[in-house]
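Notes for the one structure printed next.
The values are calculated or read from the model by the stated rules, or taken from the named source; none is laboratory data. This is a predicted model, so every value here is computed, not measured. Because the Cβ atoms are built from the backbone with ideal geometry, glycine has one as well, and the counts that use them run over all protein chains shown.
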Ligand code: GLY
């Protein structure tokens, strides 16, 4: 949690970087934190949980939390590593583009102690949408900005635009485009080269020793999506959700299913109703299957898509689950950073061919 001094120092730093003044006063901020702060008797267990691609990020975030950094700032630092990694084609720089070859990014975050939230969708040209989402939270009365408005906001806040399409992702896009139809004007090439495809994402959730919880999710979304498509990642209650009294949850995988299920919210509600984090994640997956249209199910009702759900309780318990076994997730606590196996609804051998 930010104390007044750290908050004022950070505000001064952001001002020095050219950011606009904060729209709430330090007094208002402290009042909100005080309202949501657990009793001093609370003995929490710091823990950071994320999708497997956050293995380096969970360590960075955990170390920052141990050093007193606010949980949301810490996990945004963690996901920034992945957003800025050109080799992760599911997030930020190097993310696979939409059908027009344009990289459009989505991100959202929630800060438990102040019960604040921010998000951006269809954001072009800025590699760290998680930071822009947090700026929406910190500097506006809104919770979600999209498209051109999000771009103008990021520019106004001083974020630096850049070309997000790497040569690797451009090649994958051109291969995908050339193989779409035998009758269009694009000649197929490199037929034997596998095209990367992803609806991957990074979700990260954290709790500190005071029991303060935050969550963030950031993604380039579904590869080759239609221009303007928003996935679950910028939607609070779907791609991620935090209730500081209970914990946080988020997910990676096919966003359309998660939006219909409100997966982040449902998982936190599951924990509120007594489920362990892993049980809550599994129940959310069951609901996702229930909410799936027939074209995405095989004849036995098995989903033709993947989703993983990650859950973290306020007391530091954690768990994750995927549709099919074999998935893993990243965690860092007092035992250090590691990958653990996700629980699963179905065996990998039951996956539709
Ligand atoms: N979960 C990422 C997406 O579907 O956009």
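Worth pointing out:
- Selection within the range 149-164 - surrounded by fewer than 18 Cβ atoms within 10 Å (Cβ to Cβ) and either modelled with pLDDT under 95 or under 18 Å from residue 97 (Cβ atoms) (or both): 161, 162, 163
- Whichever residue in the range 202-227 is assigned to a loop (DSSP other than H, G, I, E, B) and within 13 Å of the ligand (Cβ to nearest atom) and, among such residues, is surrounded by the fewest Cβ atoms within 10 Å (Cβ to Cβ): 226
- Any hit, the range 150-164, residues being outside any loop (DSSP other than H, G, I, E, B), within 16 Å of the ligand (Cβ to nearest atom) and more than 18 Å from residue 134 (Cβ to Cβ): no
- Test: residue 141 is more than 16 Å from the ligand (Cβ to nearest atom), surrounded by fewer than 24 Cβ atoms within 10 Å (Cβ to Cβ) and more than 18 Å from residue 170 (Cβ to Cβ): yes
Here is a yes/no grid of residues against (1) part of a loop (DSSP other than H, G, I, E, B); (2) more than 16 Å from the ligand (Cβ to nearest atom):
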residue: 168; (1), (2): no, yes
residue: 182; (1), (2): yes, yes
residue: 188; (1), (2): yes, yes
residue: 193; (1), (2): yes, yes
residue: 200; (1), (2): yes, no
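- Of the helices (runs of 4 or more DSSP H) lying entirely inside the range 17-98, those containing at least 3 residues that are at pLDDT below 60 are 26-36.
- Only one of 230, 339 that is modelled with pLDDT of 95 or more, more than 16 Å from the chain's Cα centre (by Cα) and either away from the ligand (no atom under 16 Å from the Cβ) or assigned to a loop (DSSP other than H, G, I, E, B) (or both): 339
- In the set 129, 113, only one residue is modelled with pLDDT of 95 or more and more than 16 Å from the chain's Cα centre (by Cα); that residue is 113.
- Hits in the range 300-309 (condition: part of a loop (DSSP other than H, G, I, E, B) and surrounded by 14 or more Cβ atoms within 10 Å (Cβ to Cβ)): 302, 304, 305, 306
- Matching residues in the range 195-228 - criterion: being in contact with a helix residue (DSSP H, G or I) (Cβ under 9 Å, 6 or more places away or on another chain) and more than 30 Å from residue 68 (Cα to Cα): 195, 196, 197, 199, 200, 220, 221, 222, 223, 224, 228
- Scan of the range 104-129 for residues that are within 12 Å of the ligand (Cβ to nearest atom) and assigned to a strand (DSSP E or B), ordered by number: 105, 106, 107, 108, 121, 122
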